[in-house]
Amino acid sequence: MSLLADLRAKQALYSQYGQKCSLLKALLTDGTLANALYRAQAALSRWHLAPLALIPHWLNKVVNGCVIGVRAQFGPGFVLIHPIGVVINSSTRGGRNVWVESGVVIGDNKGLSPTLADDIFIGSGAKIIGGVTLGAGARVGANAVVLHDVPAGATVVGIPARSLTRSGAKPEAD
Ligand SMILES: CC(C)(COP(=O)(O)OP(=O)(O)OC[C@H]1O[C@@H](n2cnc3c(N)ncnc32)[C@H](O)[C@@H]1OP(=O)(O)O)[C@@H](O)C(=O)NCCC(=O)NCCS
């Protein structure tokens, strides 16, 4: 069940911060309701019940301030860490273990939407726009604006987002 996998991923996320996190604690933390409503809408959409999927979609918007298009797809381990202000386009495709902070926009530009591989972290307020691809293990810094593909394992920051080098950790020129 995808929601259980999402909660397990949230446990892993908290343990990265050095905090112990039981399944119950993961269930009670911010974002779980938004995750559950997303999983409900995704299941209804998969079962070709798109009009019904609009109910959890609408609830997520009203209760959590989180707008996720009814056809957006994420693999198991999707975590809405803080869902407020998150906006995700319906055509977005995400792999396993995509972790999203508050205020993240994953949006359409010129009719194209992002594709996210596995094990992606997106920091607070980041915007990922258009037909870009984020490679496996990529990290997007808080408030970055991603307009180009991000290679696997890279960390990008800034506007427009650029990779950090590990030596000196400065943004690289394109
Ligand atoms: C991008 C990020 C993942 C990088 O983490 P990291 O690998 O530990 O990187 P560091 O903190 O060592 O920073 C490396 C360099 O990048 C810079 N940097 C880090 N994050 C940045 C960001 N979002 N925008 C611009 N520059 C950033 C740092 O200033 C540092 O530069 P310096 O070497 O010139 O001082 C992290 O900084 C980040 O933005 N996390 C988001 C956290 C978040 O959203 N929290 C919300 C909680 S509610």
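Details
- Over the stretch 111-166, accessible surface divided per residue gives 43 Å², non-protein components excluded, 1.4 Å probe.
- For the stretch 10-91: accessible area per residue (Å², 1.4 Å): 51 Å²
- Sulfur and carbon atoms: percent of accessible area, the stretch 40-124 [1.4 Å]: 62 percent
- Probe 1.4 Å - accessible area at residue 115, Å² to nearest ten: 60 Å²
- Relative contact order for the stretch 22-174, counting Cα pairs under 8 Å that sit 6 or more residues apart, in percent: 12 percent
- Cα gyration tensor, the stretch 3-161 - rounded (a/c under 1.5), prolate or oblate: oblate
- Cross-link reach list, lysines versus residue 10, counting only Cα pairs under 20 Å and skipping chain neighbours closer than eight places: 20, 25
- The relative contact order of the stretch 50-121, computed from alpha carbon pairs under 8 Å that lie at least 6 residues apart in sequence, is 26 percent.
The values are calculated or read from the model by the stated rules, or taken from the named source; none is laboratory data. Everything quoted here is computed from the prediction, not taken from an experiment. The accessibility values were calculated without ligands, DNA or RNA, using every heavy atom of the protein model including side chains. Shrake-Rupley method; radii C 1.70, N 1.55, O 1.52, S 1.80 Å.
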